[in-house]
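Taking it in order: structure first as structure tokens, then the write-up.
The values are calculated or read from the model by the stated rules, or taken from the named source; none is laboratory data. Predicted, not measured: the structure shown is a model, and the values here were computed from it. Every residue, glycine among them, receives a Cβ derived from its backbone with ideal geometry; neighbour counts consider all protein chains shown.
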Amino acid sequence: MDINWGTLAGVFAISLGITAVVVVLFSLGLTAWSRTGHGSPTSHPPGLRHQKTATATALLCFASCLAVAGYGIGLIVTG
């Protein structure tokens with residue numbers, strides 16, 4: 001049995017890169033979601049436009065993470 005180390009290293013690098021991107025997207029989503037004021041009462045609520053932009057950004061980040069996870073699961077299931 002012969003292992004193609006170049007291909008294995010390429011798969012590892014791509015997997016590591018995609019994992020880092022998903023972690024960063026999820027972190028940005030959490031940051032944007034916390035800026036909307038969801039989950040904690042504040043004495044001075046943010047402006048409506050700022051809140052809508054932050055909510056849209058958070059949802060976009062979470063949807064991107066869900067899409068990547070769904071694509072990966074689809075690759076595994078259809079194998």
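Structure above, values below:
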item: Pairs, first within 15 Å of F26 (Cα to Cα) in segment 63-76, second hydrophobic (A, V, I, L, M, F, W, C) and surrounded by 12 or more Cβ atoms within 10 Å (Cβ to Cβ), C-beta under 6 Å, six or more apart; result: S64/L25; C65/V22; C65/L25; C65/F26; V68/V22
item: Count - residues of segment 5-54 that are outside any helix (DSSP H, G or I) and either in contact with a His (Cβ under 7 Å, 6 or more places away or on another chain) or modelled with pLDDT of 95 or more (or both); result: 0
